[in-house]
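One structure is given below, encoded as structure tokens.
The values are calculated or read from the model by the stated rules, or taken from the named source; none is laboratory data. Here the structure is a predicted model, which is why all the values come from computation and not from measurement. Every residue, glycine among them, receives a Cβ derived from its backbone with ideal geometry; neighbour counts consider all protein chains shown. Remember, those area values only see protein heavy atoms, side chains included, never the ligands or the DNA or RNA. Shrake-Rupley method; radii C 1.70, N 1.55, O 1.52, S 1.80 Å.
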Amino acid sequence: MSEILSELATAVIEGNSDDAIDLTEDALDDGLEPQNILDNGLMPGMDHVGVEFRAGNMFVPEVLRSARAMQSAMDVLKPLLVEGGVEMAGKILLGTVKGDMHDIGKNLVGMMCEGAGFEVKDMGKNIAPEDFVTAVKEFNPDIVGMSALLTTTMRSMGHTIKALQEAGLRDQVKVMIGGAPVTQSFADKIGADGYASNAASAVDLAKQFAGV
Amino acid sequence: MSRLYERLSTAVLEGDAEKSPKLVQRALDNGLGPKEILDNGLVPGMNEVGVRFKRGDMFVPEVLMSADAMKEGLELLRPYLAAAGAKLIGKIVMGTVKGDLHDIGKNLVGMMCEGAGFEVINLGFNVEPEKFVEAIKEHQPDIVGMSALLTTTMRSMGYAIKAIEEAGLRDQVKIMIGGAPVDAPFADRIGADGYGSNGPAGADLAKQFVGA
Amino acid sequence: MLSDDQLQELFDGVLHVLEYTGLEVQHKKARKILKKAGAWVDGDRVRIPAYLVKDALAKAPRSFTIFARDGNPENDIHIGPGRAHFGPGPTPPNFIDIETLERRPYVRSDSEIVATVCDALPNIDFCESLGTISDVHDELAASYEFATMFPKTSKPIVAWSFGKDDAEDIHKIAIAEAGGQDAFEKRPNYVHYCEPLSPLVSTVEALDKLIFCAKHRVPVIFTPCPLAGGTAPITAAGIITQAAAESWMGLVIAQTLRPGLPFFMGGVLSVMDMSAMILAYGAPELSLMMAGHTELAHFAGLPLWQTGGCTDSKTLDEQAALEGSLSVYFSALSGGDLCHDVGYTESGMTGSILQTVMMDEAIGYSRRITRGIEVTEETLAVDVIHDVGPNGHYLREQHTRDHYKTEFWYPNLCDRRNFEEWQEMGSTTMRDRVIARTHDIMATHQPTPIKPETEQAIEAVLAAAEERVKE
């Protein structure tokens, strides 16, 4: 691997957005392929962050800084990748379901997914099933992520999945859910494709869905 | 007449040292036998105290008040018992061994033994082996109790037992020992007859020795 | 802990946030009430001039009584300086089954267990459910919870509801026992709990409940749950300032509607763990921030809804004992008025009455310490010292007999027997004894029954509630 790509990985790990942008530009100037820069510079950096976070050596604010560095570099790379017909990691539509006003957990998932290279559209909180349906039509996501903090609003997730089914959109998206009271068995019960117990595992789940 | 016995038991249980001799007197006046008064009035009261203490429903100061009530009643009864030829429960000589100045535990055992109906001769603390020998000759006890709080003075117990043996008195007494660092293996090693882990256990052991 | 100057700075900080930043108030009627009172309303955003807040603080009582439903004065709660009271918390989804010791969803019969055990424990002063009932209609969990707990304890319940319909269900049951609304207002027998959102949002549900309480003079708690570093500033002073502003928005509305309404300032203040990504219930910062929050409340003349006796442990183990006991001790020291969440485990995800039983012991222990040392002629005991003299002992002294029951605290669960006796009694661990005591309470404890008319009221309320959710 070229030195510049390992420097880029380091910039991501250290959460240095300015360096990440500069090094990406430098790499492109050096004639490296965008796909190469993504796969061998940005991604290894972000993977390392994931490992360190799990080991307890990195903390949420640092992970978010890394995610931002990754995203800054991606802003440079994305148009070129699309031009080159490269398949992106994917698009995720996120929202806290109807009746629930808590969105710190969902925000965290959004930021971490962006760091993993996903394009994320965050609808915010208190999102009704029909609004999810409209947004799926508009935004065409690969994944729909739903969050709820309350045992009482959890069931809105089931209603939303039903609404997607009724609109004929269920098959074109993977549905993942999360939030403090949510469990795997609840995900199975309401017919979600997966459940994540925290933000880091939500990113893994999304990556798994996208096959990256 | 069982009502009088019951009232006497209650007086002991409640630690009423004024009422218990009065009730003993009343029982004697009513022509009840001294041995019956002891066995059916005073002793059941004290037994109940033991049960409650073990269960954690009574505390040391209450037990001592009961012991006082028992002692006062017994004091009055003693000449009548002797006259009737009834055997008294027994006599105990006790002391804290040489070198040891701690005698709160030994005092507690003494008071509890008194409560159980024993006559107790308390030799105090820092008692030399020869003092134990003299006391046995003088008081002719059934039981000798020895106590030590320090690991450094424990071995004085062994010396005292040896002295009693050498004086040819070992067979006429049961020897029980106690104190924080003392345990059953130590008692076996130095040739004591038994070990009590606390005040009530000491009183129980004494009763067992005399078959009461 | 905090100096007067520091408290004044916090106090001024709260007034500043309310006056210059303001809160989003999502409840239309509440905005109207605030505007009429003199607040500045701009769309959803409401800013409150400092004098209005001070006015509300002046109207709110520092001392008042929550009464036991059965008139047993021992179970009354007297709120006032120097008194800390303890009880469980609301709404975790899971519960530790007291027979299998497994974690499973919370069901209706658990409310009965929690209420019965709280009624029996000597150091638990009020009752909360430790879970959200999962085996009844979703919207009726709170109604069933109160209806199930109320007959099983005469200690005041801190009730919780989704909104005003079930708040009304609860109130109907409580006033049936009290003997009507008027009688209830004189002797309130429960407290209601409302939770606004951090940062800086008063939600429709929280304000619906608050307005209901003001209307019916139900003592009320208005308590946000901010996460330091997540939904509130990461610093202790910052989170205290924000949480107080969130709570005092409720105070202003409540005191405007019903001057003198008993109001508990709230705020469960803890950290968003930057590694585990949970709201930590066993963190030292929780105890520290809550102590600061308590001091600010008392400085402002309000009682506080405290937090303690909780843990991030998943089971009844050493971590649960350590985190729970230390936070109980700190709560007792800071003197927060109603200390809840005694029995929260797994970061508030699982309720455990076993944890509550273990903490009852820690509360007793802490209370002995906060009771302090009494110094009088009697307690100095110089005469007794003189009488006993060198080489005597105090076991038989009247002075000992007069004081041994009150001067010492006697444990219920901690084992102090000597080794032989401990062995004889089965070599039990703390965990064994906690479980045994819980089972023993369930097998033997008989709470005072409710009145027959209250039984009828409960039946009627639940039947009507079932009708309501059919539609």
- prompt: Residues with beta-carbon under 12 Å from that of C:T241, excluding C:T241: net charge, scoring Lys, Arg +1 and Asp, Glu -1?
  reply: -3
- request: For the stretch B:16-26, take each phi angle, set θ = phi - 60°, evaluate the Karplus expression 6.51 cos²θ - 1.76 cosθ + 1.60, and give the result in whole Hz per residue in order, putting x for glycine and proline.
  value: 8, 6, 8, 6, 5, x, 4, 5, 4, 4, 4
task: May I ask which of A:K125/C:K209; A:K162/C:K215; C:K35/C:K155 have a Cα-Cα span longer than 30 Å here?
output: A:K162/C:K215; C:K35/C:K155
task: Would you mind getting me the FRET efficiency between C:D182 and C:L257? Use the beta-carbon distance for r and R0 = 25 Å, nearest 0.05.
output: 0.85
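On average, how much area does the Cα convex hull of the stretch C:203-266 cover when viewed from any direction, in nm²?
4.1 nm²
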- request: Sort by residue number and report every cysteine in chain C with no other cysteine beta carbon within a distance under 4.7 Å.
  value: C:C194, C:C213, C:C225, C:C310, C:C339, C:C414
statement: Asserting the computed 222 nm helical MRE of the protein assembly as shown (DSSP H runs at least 4 long, -39500 (n - 2.57) per run, divided by residue count, to nearest 500) equals -16000 deg cm²/dmol
message: Over chain B, what portion of Cα pair distances is larger than 21 Å, expressed as a whole percent?
response: 52 percent
task: Write down the Kirkwood hydrodynamic radius of the stretch A:1-126, to one decimal in angstroms, obtained as one divided by the mean of 1/r over all alpha carbon pairs.
output: 14.9 Å
field: Protein-only accessible surface order, largest first, of C:C194, C:C414 at 1.4 Å
entry: C:C414, C:C194
message: Checking the table C:K29/C:K470; A:K121/A:K207; A:K137/A:K207 against a 24 Å threshold on Cα-Cα, which pairs fail?
response: C:K29/C:K470
- prompt: Say R0 is 45 Å: what FRET efficiency, to the nearest 0.05, do C:L288 and C:D97 get from their beta-carbon distance?
  reply: 0.85
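Quickly rank A:73-80, C:117-124, A:18-25 as a protection proxy: mean count of other C-beta atoms within 10 Å, highest first.
C:117-124, A:18-25, A:73-80
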- prompt: Amide H neighbours of A:M58 under 5 Å, counting only residues 5+ apart in sequence or on other chains, H built in-plane at 1.01 Å?
  reply: A:F53
task: Evaluate the distance, in nm, between pseudo-label points positioned 7 Å from the Cα of B:R52 and of C:E407 along their respective Cα→Cβ axes.
output: 2.2 nm
- request: Roll a 1.4 angstrom probe over the protein heavy atoms and tell me the percent of accessible area of the protein assembly as shown that is carbon or sulfur.
  value: 51 percent
message: Need one number for chain A: average projected area of the convex hull over its C-alpha atoms, nm².
response: 11.4 nm²
- line: Ordered by number, the residues of the stretch C:105-143 that have at least 30 Å² less accessible area in the complete protein assembly than on their own chain alone (1.4 Å probe) are C:D138
statement: By the Cα gyration tensor axes a ≥ b ≥ c (a/c under 1.5 gives rounded; else a/b larger than b/c gives prolate, otherwise oblate), the shape of the stretch C:1-100 is prolate
message: Which residues belonging to the stretch B:60-81 lose at least 20 Å² of 1.4 Å-probe accessible area when the assembly is complete, relative to their chain isolated?
response: B:P61, B:E62, B:L64, B:M65, B:D68
task: Quick one: give the max-minus-min coordinate of the C-alpha atoms of the stretch C:289-417 along each principal axis, largest first, in Å.
output: 58, 42, 18
message: Against the 2.2 N^0.38 Å scaling, with N counting residues, where does chain C land? I'd like the Cα-based Rg ratio to two decimal places.
response: 1.01
message: Given a 1.4 angstrom probe, what's the average accessible area per residue across the protein assembly as shown, in square angstrom?
response: 43 Å²
- line: Answer check: the stretch B:111-212, Cα atoms, Kirkwood Rh, Rg/Rh ratio of 0.92
query: Mind listing the Cα extents of the stretch B:2-83 along all three principal axes, in Å, largest one first?
result: 37, 21, 19
statement: With no solvent term and unit scatterers on the alpha-carbon positions of the protein assembly as shown, Debye gives log₁₀ I(q)/I(0) at q = 0.07, 0.11 Å⁻¹ of -0.73, -1.23
message: Cross-link candidates for B:K71: which lysines have Cα within less than 17 Å, leaving aside residues fewer than 8 places away along the same chain?
response: B:K19, B:K22, B:K35, B:K87, B:K91, B:K207
statement: For the C:Q456, C:D138 Cβ pair and Förster radius 22 Å, calculated FRET efficiency rounded to 0.05 is 0.25
- line: Per the Cα gyration tensor, the stretch C:64-131 corresponds to an equivalent ellipsoid with semi-axes, largest first in Å, of 27, 12, 10
